[in-house]
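To start, the structure under review is shown below, and the notes come after it.
The values are calculated or read from the model by the stated rules, or taken from the named source; none is laboratory data. Here the structure is a predicted model, which means the values were calculated and not measured. All Cβ positions, glycine included, derive from the backbone under ideal geometry; neighbour counts span all protein chains shown. Side chains are part of the model used for accessible areas, which takes the heavy atoms of the whole protein and leaves out ligands, DNA and RNA. Shrake-Rupley method; radii C 1.70, N 1.55, O 1.52, S 1.80 Å.
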Amino acid sequence: MENTLKVTNVLSDPTRFYIYQYITKRHQDVTVQEIADEFSIHPNVARLHLSKLEDVRMLYSETKKTGKGGRPSRLYRLSDEVIQFSFPFRNYQLLSSILLRSLESLGAEGSKALYETGKTFGKEMMEQEIARYTNNTAALSNGDKLRLLQNASLMTGQLPALEWNDDETSLYFEIYNCPFKEVAMEHKDKVCTMHQSFFTGMFEALFKDVQLIEKQNIISGCDQCAYKTQVQ
């Protein structure tokens with residue numbers, strides 16, 4: 001409870017909250033000067049906001065040399081620690097672990113059900129997002145589809161980055177936050193495959209033929225999960 005109060009107090013400042021949001025979307029380290037410039041505040045004020053976020057373990061910082069001489073710069077990035085609020089207390093992470101272990105006890109049939117359900121949920125979520133945008137999917141441009149995928153991924157906490165290749169036959173899809181990371185650390189194969197099925201369902205709501213190819217994986221130690229998605 002004490003830590004919860006500290007975190008809510010830190011985030012109650014609007015500028016500090018927007019600074020944290022900005023860093024979540026940057027996908028890379030930031031400096032005090034970058035934050036000062038972005039929010040039109042004095043570097044000392046920016047440093048104070050960043051330090052407050054670091055005090056409650058929402059950010060992590062380290063000093064690195066820039067290679068340009070002079071003093072090393074302090075770089076800030078998102079912390080790997082998980083902060084959850086629940087009033088009254090709930091433990092859905094424990095529930096996830098129990099359900100996954102139950103499915104694992106069913107063998108191949110349990111795994112199949114998990115992947116199919118993940119794909120169904122991804123497709124249904126994407127269809128709901130499309131319905132808010134248009135009632136004519138055929139009229140969507142590739143730019144529209146990219147924006148819809150971006151919005152839907154953000155709603156589920158993925159922190160995505162998407163980009164078409166030159167001839168718009170493949171999408172490069174990266175996520176910088178895995179919302180299932182803690183459970184995936186215990187059940188990597190099952191959770192990661194289910195998550196990929198979820199993504200496949202999302203893409204199949206927009207494209208006729210989808211092939212998702214994993215390039216990088218957060219659980220394997222990479223900074224992001226990365227996929228090349230071939231579509232038609």
TODO: With an 8 Å cut-off on Cα pairs and a minimum separation of 6 or more residues, tell me the relative contact order of segment 1-160 in percent.
DONE: 15 percent
Open item on the list: Can you tell me the length gained on complete extension of the stretch Glu163 to Asn142, counting 0.36 nm per residue apart and subtracting the Cα distance?
Closed with: 6.5 nm
Task: the chain, accessible surface, carbon-and-sulfur percent (1.4 angstrom probe) - done: 49 percent
- [ ] Compute the signed sum of charges (Lys and Arg +1, Asp and Glu -1) over the other residues within less than 10 Å, Cβ to Cβ, of Ala161.
- [x] -1
Open item on the list: Restricting to Cα pairs below 8 Å that are 6+ residues apart, what does the relative contact order work out to for segment 11-69? Please round to a whole percent.
Closed with: 23 percent
- [ ] Could you provide, to the nearest whole Å², the per residue accessible area of the chain with probe 1.4 Å?
- [x] 61 Å²
TODO: Give, rounded to the nearest 20 debye, the magnitude of the charge dipole that the chain has about its Cα centre when Lys and Arg contribute +1 at Cβ and Asp and Glu contribute -1 at Cβ.
DONE: 620 debye
Task: Rounded Å value of the spacing that divides the Cα centres of segment 177-232 and segment 84-127 - done: 15 Å
TODO: May I ask you to list the GluC sites (Glu not before Pro) in segment 25-110 that are in a DSSP loop and have at most 13 other Cβ atoms within 10 Å of their Cβ?
DONE: Glu81
Open item on the list: Sequence gap at least 6, Cα distance under 8 Å: using those rules, report the relative contact order of segment 71-222 to the nearest whole percent.
Closed with: 28 percent
Task: Charge context of Leu99, other residues only, Cβ under 13 angstrom, K/R +1, D/E -1 - done: 0
Task: Cα lying deepest toward the dipole's positive end in the chain, options Met194, Val45, Gln150, charges on Cβ - done: Val45
Task: Within segment 24-105: Cβ-based charge dipole about Cα centre, in debye rounded to nearest 20 (Lys, Arg +1; Asp, Glu -1) - done: 200 debye
Open item on the list: Run the helix sum for the chain: -39,500 (n - 2.57) per DSSP H stretch of 4+ residues, divided by residue count, reported at 222 nm to the nearest 500 deg cm²/dmol.
Closed with: -16500 deg cm²/dmol
TODO: Find, among the chymotrypsin sites (Phe, Trp or Tyr not before Pro) in segment 53-152, those assigned to loop by DSSP (not H, G, I, E, B) with at most 11 other beta-carbon atoms within 10 angstrom.
DONE: Phe85, Phe89
- [ ] Lys and Arg at +1, Asp and Glu at -1: add these up for the other residues within a Cβ distance under 15 Å of Gly221 and post the number.
- [x] 0
Open item on the list: Can you find, among Val10, Ala161, Ser105, the residue sitting farthest towards the positive end of the charge dipole of the chain, where Lys and Arg contribute +1 and Asp and Glu -1 at Cβ?
Closed with: Val10
- [ ] Consider the candidate values [x] 1, 6, 11, 14, 15, 15, 13, 12, 8, 4, 1, 0, 0; [y] 1, 7, 13, 16, 15, 12, 10, 8, 8, 6, 4, 2, 1, 0; [z] 1, 7, 15, 21, 22, 18, 10, 4, 1, 0, 0; state which one is P(r) over Cα pairs in 5 Å bins from 0, in percent computed from the structure displayed.
- [x] [x]
TODO: Would you mind working out the magnitude of the charge dipole of segment 94-200 relative to its Cα centre, with +1 at each Lys and Arg C-beta and -1 at each Asp and Glu C-beta, to the nearest 20 Debye?
DONE: 340 debye
Open item on the list: Can you bin every Cα-Cα distance in segment 1-121 into 5 Å intervals starting at zero and give me the percent of pairs per bin, rounded to whole numbers?
Closed with: 2, 9, 15, 16, 12, 10, 9, 10, 8, 6, 3, 1, 0
Task: Most mobile of Thr169, Thr120, Thr193 in a GNM of the chain (Cα contacts under 10 Å) - done: Thr169
